[in-house]
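S.K.: Let me give you the structure first, and then I'll get to my questions.
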Amino acid sequence: MKQNARHITIEEAEQLCRLYMDCQLSVLEETELEYVLMQSELDSPLISETRMLMGISRSVNLQTPKKRLFLTWGWRVAACVTILIGSVALLRNHTTKETDCIAYVEGTKVSGERAKVIAETDVARMEQFMKTVEAQIAMEQAKVEQFMNHNKKTR
């Protein structure tokens with residue numbers, strides 16, 4: 001793409017724009033396409049839309065990746081701590097020898113076996129949510145590591 005930056009046709013530019021829109025270009029290719037489109041006088045609705053999206057993309061990425069990563073991990077840690085504290089409180093109450101259980105359903109007090117079933121259902125849903133959050137954290141960590149490895153290779 002670098003060699004043909006000065007002699008790109010409108011058809012080639014539109015094809016690259018379609019690839020950009022479909023997220024089929026690497027970060028380096030996206031940057032090169034942005035440079036070519038900003039230097040070129042080619043114009044079509046697709047090229048204009050791509051230029052606009054590239055401008056939006058630039059304005060959104062003002063934070064440094066480390067700062068954004070720190071904020072993202074901070075929110076995730078806070079959410080996990082909140083979930084864990086809630087789980088401990090529920091499990092602590094659940095494992096006590098007292099069998100009295102009280103729940104409120106739409107503002108109405110429920111006790112006995114029905115309340116116990118409601119509480120157990122909520123605990124199961126919370127455990128499932130924790131597993132989902134842990135899986136999402138693992139996926140995000142893998143993406144960050146892949147991004148960091150990719151940046152090390154391209155430098």
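S.K.: Take residue 73 and residue 51, extend 7 Å from each Cα along the Cα→Cβ direction, and tell me the distance between the two endpoints in nm.
M.R.: Each label point lies 7 Å from its Cα, and together they span 4.0 nm.
S.K.: Same structure again: Using modelled backbone amide H atoms (1.01 Å from N, in-plane), which distant-in-sequence or interchain residues come within less than 5 Å of residue 110's amide H?
M.R.: Under 5 Å from the amide H of residue 110 lie the amide H atoms of 103, 104, 105, each far enough along the sequence or on another chain.
S.K.: Please arrange 147, 70 by accessible surface area, largest first, computed with a 1.4 Å probe and ligands excluded. Don't skip to the end; give the middle numbers.
M.R.: Details: 147 90, 70 155 Å².
Most to least solvent-accessible, the answer reads 70, 147.
S.K.: If you don't mind, there's one more thing I want to ask. Leaving out same-chain residues fewer than 8 places away, which aspartates and glutamates sit with a Cα under 13 Å from that of residue 153?
M.R.: Of all the aspartates and glutamates, those that pass the test against residue 153 - Cα under 13 Å, at least 8 places apart if same chain - are 145.
S.K.: Here is a further query. Hey, which aspartates and glutamates would be in cross-link range of residue 116, C-alpha to C-alpha under 20 Å, not counting anything within fewer than 8 residues on its own chain?
M.R.: In chain and number order, the partners are 98, 100, 106, 127.
S.K.: Here is a further query. Provide the gained length on full extension for the span residue 29 to residue 43, in nm with one decimal, where the gain is 0.36 nm per separating residue minus the Cα-Cα distance.
M.R.: Working: separation 14, 0.36 × 14 = 5.04 nm, distance 1.96 nm.
Net length gain for the segment: 3.1 nm.
S.K.: Work out from phi, with θ = phi - 60° and the Karplus expression 6.51 cos²θ - 1.76 cosθ + 1.60, the ³J(HN,Hα) of each residue of the range 135-144, listed in order in whole Hz, and give x for Gly and Pro.
M.R.: 5, 5, 4, 4, 5, 5, 4, 5, 5, 5
The values are calculated or read from the model by the stated rules, or taken from the named source; none is laboratory data. The structure displayed is predicted, hence computed values, not measured ones. Glycine also receives a Cβ, built like all others from the backbone with ideal geometry; neighbour counts cover every protein chain displayed. All accessible areas refer to the heavy atoms of the entire protein, side chains included, with ligands and DNA or RNA removed. Shrake-Rupley method; radii C 1.70, N 1.55, O 1.52, S 1.80 Å.
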